[in-house]
Amino acid sequence: MPKKLLLLLLLLIVSSAGALQAEKLIDFAARLPSSDNAGFKAAKVRDLSVHNTSSKGQWPTGMCPSFSFIAGVEAAYTRKYCSNPNSSFYKAGYCDRYVAYKAANPPAFHMAKLENFHAFEQYKALNLSELYYVDRVKTSMTTSASANHETSTIVCGEEGVTRALRGPASLMLSDIRLPEEQYAVFVQDPAFYPSAQLALFGDEHCDACTKSPTQAQLDNYEFSEKKFDFLSVDEKPVHRAFIPVDARRNARFGVADMVFADDSALANKIDFYEKCIYSGFEVIVEGAIPGHSMLLIGYDRDRKKLLYKDHYERFKEVDYDVTAGLSSGFQIIIEPASDWTSPSTEEMWLGAWDTWVDGQYGKLVIRRSRLAGNVKYTSDDLFNKEIPELSTTAWARVGTFYEDNSSVRRIVYGRLNGSGGDRMQLIVDFDHPEPPPPSVEISGTPAGQLFEMRVFDSGPGAGMYATGTTTKGGVAYGVLMKRPGEDPLGLIPLSPDNAFFTDKWEGTFLLHTDGGGEGVLTLNSQDDFKTVKGTYKAIGGTTASQVTGTVENHHLTLTVNAAAVYGLNLYFHTADKRLVTGRKTIVGLSNAVFGYRTSGETHYQTRLFFPYFDIGANSFNGFAVSNYSDSLGILKFTAYTKAGVEATAPQNPAVRMLSSGHQTALLADEIFGANPSKDTTVWVELTSDSSQVGAFSQYGDGVQLDGAVPWSAPAKNLYFSRIYQGQGAFRGKTADTILTLANPNSTITQVQCEMINVDGKTMGLSQPYTIGPFKVLQRSVSQFFGENPGVIAGAYLRVRVTLGEGIVGAAVIRLTQANTTFCLNALVPESDSNVLYSAQIAKVDSYFTFLRLINTSDETRNVTIRGINDSGTSLGIPKTLELLPGGLYHGYVDVTLSTSTSATYVGSLKVEADGPGVVGDVVFGDPLNCKYVAALALQDKPFKKAVFNHVANGGGFFTGIAVYNPGSGPASVTISVYSKTGALVGKKNQILAAGQRMSQLVAELVPASASQLGGYVLVEATEGVVAQELFASDSLAFLSSVPPTVIE
């Protein structure tokens, strides 16, 4: 058929056009070849499988139009970018499947064969969220006057929805963007929808709607971060929100140009579909087979077969006649949105917000950002025409404001006003209750109170916070919006206040700026707060900028004289003691800002001390820190020299921010900008304004490697339990023990050090030391006493503080012949501890376990040592012994428990004394050559919640965990692995009977963590347990064992 004749047979309708729009069908047809085109006539078979992602399963819902449309969007991105290896899309890995398919070059219709349904699905490709698409489309529309709710919901469609508008048209009208599937996973649990429908509407099928929820109840479900449990397709429990806020923060993929049509405009459907496929355009066909929509991706003219990507994990062949007789409409994605590299700020506005207006609380729900598309159009109005983008300058009904978290509802109008999405104007009508639906087109400006808001659109606060102003009685006030339950920047609990005085502007403020900038603003006034002066220093910055400004009651206008001068406009919330909000403006560009007033210097709730720092020429020192609080943590690392002054480094002290739930693992060079121990011995202090941070350090040269947890307080009686020095000192290997004593106090400390032999008697080696404020003493035992002590094979060192507030200390034992290092913090006796535990002992071909106990009390202690196997029964014969004051016991577990020398076993250890003061440790490792050795202090207090602060799986490393239940009853233990950004990777629950133990690799407990480097492990138990974590290289070139940070 000639091209001109084809165009005449198409329905011709002209409509208005916008910046983003769908094409008229006639314009699209001009892109296609004529029927007598030689190339088209010769192309009897075409298959676009190369553009397509793997088929996904739509069950248990009937959402085939949505799955087909999303498949079309995914294919359009692949079509546009994957032929260019230099494109950002290609470099992001979204073209891996495309590349593999091209390389394999399978025959046409290859994917339609049953055995090939899942071919190439192991390769990465763009995978968008159908759940987000359906939910977003439904909540962008309004309902009828007979409905109880302003929007419909994916769970249960509303009765009386008026002026039906299909999803693709709604997407185009509102420029909706979509996240990847990982951010809003499709709910494939068959029980989820009926159970949610029953809970919300009182009817499993939404037919009777006998229990119609209130608007607030529907909002609490639809826009909640509450976690819902359901089953995934592999029947493993999944824990996530329905539409998580994170999905709105990462919605970036969309459509720039498409065709939205019905088949009445086509003279010959099959001819048209063939030309689309020939020209490289997939077609979303409604009614491809009876009652089902699919994505058309190929044709075979001679066999009269069409190839479809179906949504039941398959590809499907369909006869020409079936589709020709049934199809009723179609869509074609011509161009995907090209700005996919940045998330849509418009999508970030949607959902629930905790809102403070000058310190007064309310709850805001934003359901849409533009006019409800079905107010203006139906699908019939848009078929075969251009679809203009809905205005961003016209006011629209966008949401509801709940006053003071009550049931009092106010209507909210809004518009983006051409801002590009980062700014939104809202009007709340506080004078009238919210009217019923539907939304209507609004002429002019609605009545109510105006809010000028700006959302955080980048950095960790993106989509989580928005700030702005509102005016009451001619006076501007600050406004803050924050996501419920989400607080990556650590907004402190608000502090209500009854009055505001301008002297609140004096002091120190911690400010958070959109984009991730944090800093400390310090202000003072010399003229009764008409003006202020001060400084602003970015967190981690090296210099402070001078600040000047003027005060108008609760409004402050500042100029920051940095390298690029900028302004700060801040509003103190008069009903709060500390909260400030506003904006930062530089070169005409503004960013949202919020913060709070602190009491002068930041108050540190945590002080942690790392006394040992490896100063070898080829050594490294690493620090892992977890923030398991629900707010941002400020971390301050300070390296002190042996002279008690801050070590020379570009960033010392180094201040870093660690978001709620996040973990960081950094080398000292990364923290301080250079090695702080280049020319001197150092120790490191870590302080934080959060009481809920955990940490540990590792050091070595990559071959000799071990680590330790930090000290949380200095002590006055310390026991270095293992001293090995000289030839053959440890299992026949030459050893060197390096002792470190650090004084973390601002006053002088004096200590007396005394070496005690394995028989519990002094060796005549005694040495006093004076350690100045913040100074550190680090020496080999061969130099510690001013004389060569000779060979020491297992003595211990007692250190007593005779003046001062206490010290911290560690011992590092190097086995030079075996190229092995292991370390132990000095042991400190607990006054109320009579029982000690080890979650792990082993006597196998590849491990020995060596126990040591010291009686630090002034009384003789009767001690019983018990071994317990994994099932909780006795291991060997319990050993009872008498420890004199200062006495020591040491022995291998097979000797201690009187087991056969040929027996092999693993288990736990329990040490009971008839009074406090007994401390101890275990050393375990390679029994042949000491190739790998690690040590761990015995634990004295079972816990119910604790954190292991690092995960090292992959890259040549593995991580293991042992958990022991020493109680008399069962304990339910949950081990949860989190990524370094706080995302739950997976978890494992296990019941441990009394005395029972579990010991596994983390990658076995949570397979999804198999290649994870970074992150942390949370252990929770219903009864007290003890646990330890082990790191090692796959080749067992090194071994390191650490205890957890106990939370409760």
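We did not get these values from a lab; they are worked out from the coordinates using the rules stated. Everything numeric here is computed off the predicted structure, so don't read it as measured data. Cβ placement follows ideal geometry from the backbone for every residue including glycine, while neighbour counts extend to all protein chains displayed.
When only DSSP loop residues count, what trypsin sites (Lys or Arg not before Pro) in segment 512-590 have their Cβ near at most 13 other Cβ atoms within 10 Å? Please report the intermediate quantities before stating the final value.
Numbers: sites: 530, 533, 537, 577, 578, 583, 584; in loops: 530, 577, 578.
Taking segment 512-590 and a limit of 13 other Cβ atoms within 10 Å, the loop trypsin sites (Lys or Arg not before Pro) found are 530.
With the dipole of the chain worked out from charges on the C-beta (+1 for Lys and Arg, -1 for Asp and Glu) around the Cα centre, which of 279, 554, 508 lies farthest toward the positive end?
Positive-most Cα among the choices belongs to 279.
Just to verify a number: FRET efficiency for residue 895 and residue 91, C-beta to C-beta distance, R0 = 56 Å, to 0.05?
0.40
How much length, in nm to one decimal, is gained on full extension between residue 127 and residue 587, taken as 0.36 nm per residue of separation minus their Cα-Cα distance? Intermediate results must be reported in sequence, preceding the final value.
Working: separation 460, 0.36 × 460 = 165.60 nm, distance 3.90 nm.
Full extension of this stretch gives 161.7 nm more.
Rounded to whole Hz and in sequence order, give me ³J(HN,Hα) for segment 719-728 from the Karplus expression 6.51 cos²θ - 1.76 cosθ + 1.60, θ = phi - 60°, writing x for Gly and Pro.
Whole-Hz 3J(HN,Hα) from phi for segment 719-728: 10, 7, 6, 10, 10, 10, 8, x, 5, x.
Scaled to the compact-protein estimate 2.2 N^0.38 Å, what is the alpha-carbon radius of gyration of segment 489-603, rounded to two decimal places?
0.99
Starting from the 7 Å offset along Cα-to-Cβ, what nm value, one decimal, do you get for the label separation of residue 1022 and residue 862?
3.6
Under 5 Å between amide H atoms, partner at least 5 residues away or on a different chain: which partners does residue 596 have, H built in plane at 1.01 Å?
Amide H neighbours of residue 596: 510, 580.
Non-local amide H neighbours of residue 951 (under 5 Å, H modeled in plane, Pro and chain starts lacking H): which ones?
Under 5 Å from the amide H of residue 951 lie the amide H atoms of 1014, 1015, each far enough along the sequence or on another chain.
Project the alpha carbons of segment 244-303 onto their principal axes and report the range along each, largest first, in whole Å.
Between the extreme Cα coordinates on each principal axis of segment 244-303 lie 49, 27, 24 Å.
Determine how many Å³ per residue the convex hull of the Cα atoms of the chain encloses.
200
How big is the dipole moment of segment 835-937 about its Cα centre under a simple scheme where the beta carbon of each Lys and Arg is +1, that of each Asp and Glu is -1, and everything else is neutral? Debye, nearest 20, please.
160
Check which residues have an amide H placed less than 5 Å from residue 315's amide H, if you skip close sequence neighbours.
310
With charges set only on the Cβ (+1 for Lys and Arg, -1 for Asp and Glu), what does the dipole of segment 29-178 come to about its Cα centre, in debye to the nearest 20?
Dipole of segment 29-178, to the nearest 20 debye: 620 debye.
Testing the spin-label approximation: label points 7 Å from Cα along Cα→Cβ at residue 114 and residue 271. State their distance in nm.
3.8
If one takes the longest principal axis of the Cα atoms in the chain, at what angle in degrees, from 0 to 90 and to the nearest 10, does the Cα axis of helix 269-278 lie?
That helix lies at roughly 40 degrees to the long axis.
Would you work out the charge dipole size for the chain about its Cα centre, treating the Cβ of every Lys and Arg as +1 and the Cβ of every Asp and Glu as -1, and quote it to the nearest 20 debye?
Its charge dipole is roughly 1460 debye.
How would you rank 353, 340, 59, going from fewest to most other Cβ atoms within 10 Å of each one's own Cβ?
Fewest to most other Cβ atoms nearby, the residues stand as 59, 340, 353.
Can you give the log10 of the normalised intensity I(q)/I(0) at q = 0.19, 0.20, 0.21 Å⁻¹, computed with Debye over equal Cα scatterers of segment 944-1048?
Result of the Debye calculation: -0.88, -0.97, -1.05.
Given N residues in segment 835-937, what is its alpha carbon radius of gyration divided by 2.2 N^0.38 Å?
On the way: Rg = 13.5 Å, N = 103, 2.2 N^0.38 = 12.8 Å.
For segment 835-937, the normalised Cα radius of gyration is 1.05.
Please give the FRET efficiency for residue 506 paired with residue 546, using the beta carbon to beta carbon distance and R0 = 22 Å, rounded to the nearest 0.05. Intermediate results must be reported in sequence, preceding the final value.
Values: r = 17 Å, r/R0 = 0.76.
With a Förster radius of 22 Å, E is 0.85.
What pairs from 113/275; 138/376; 716/879; 41/305; 642/678 go past 21 Å between their alpha carbons?
From 113/275; 138/376; 716/879; 41/305; 642/678, over 21 Å: 113/275; 716/879.
With the crude spin-label approximation of a point 7 Å out along Cα→Cβ, what separation in nm comes out for residue 1034 versus residue 537?
4.6
With θ taken as phi - 60° and the coefficients 6.51, -1.76 and 1.60, list the Karplus ³J(HN,Hα) couplings across segment 177-189 in order, rounded to whole Hz; mark glycine and proline as x.
10, 10, x, 6, 4, 4, 8, 8, 6, 5, 7, 10, 6
Which three semi-axes in whole Å describe the equivalent ellipsoid of segment 71-127, each the square root of 5 times a Cα gyration tensor eigenvalue, listed largest first?
Rounded to whole Å, the semi-axes are 21, 12, 10.
May I ask for the Kirkwood hydrodynamic radius of segment 623-672, worked out over all distinct Cα pairs and given in angstroms to one decimal?
11.7 Å is the Kirkwood radius here.
Order of 936, 126 from fewest to most other C-beta atoms within 10 Å?
With the sparsest Cβ surroundings first, the list reads 936, 126.
Lys pairs in segment 489-603, Cα-Cα under 18 Å, at least 8 apart or on separate chains: how many?
Going through segment 489-603 pair by pair, I get 5.
On average over all directions, what projected area in square nanometres does segment 606-707 have, based on the convex hull of its Cα atoms?
With every direction weighted equally, the projected area is 5.9 nm².
One-quarter of the Cα convex hull surface for segment 374-508, in nm²?
Averaged projected hull area, Cα only: 12.1 nm².
Please give the FRET efficiency for residue 563 paired with residue 492, using the beta carbon to beta carbon distance and R0 = 35 Å, rounded to the nearest 0.05.
0.70
Please state, as a whole number in µm²/s, the translational diffusion coefficient that the Stokes-Einstein equation yields for segment 58-98 at 25 °C and 0.890 mPa s, with Rh defined as the Kirkwood radius across alpha carbon pairs.
Answer, rounded: 217 µm²/s.
Each residue of segment 59-66 in order: what ³J(HN,Hα) in whole Hz does its phi give by Karplus 6.51 cos²θ - 1.76 cosθ + 1.60, θ = phi - 60°, with x for Gly and Pro?
Going residue by residue, I get 5, x, 10, x, 9, 4, x, 6 Hz, with x marking Gly and Pro.
Would you mind calculating the relative contact order of the chain from Cα pairs under 8 angstrom and at least 6 residues apart, reporting the percent as a whole number?
In percent, rounded to a whole number, it is 7.
Roughly speaking, what is the stretch gain from residue 431 to residue 450, that is 0.36 nm per residue apart minus the C-alpha to C-alpha distance, in nm to one decimal?
The span from residue 431 to residue 450 would gain 5.5 nm if fully extended.
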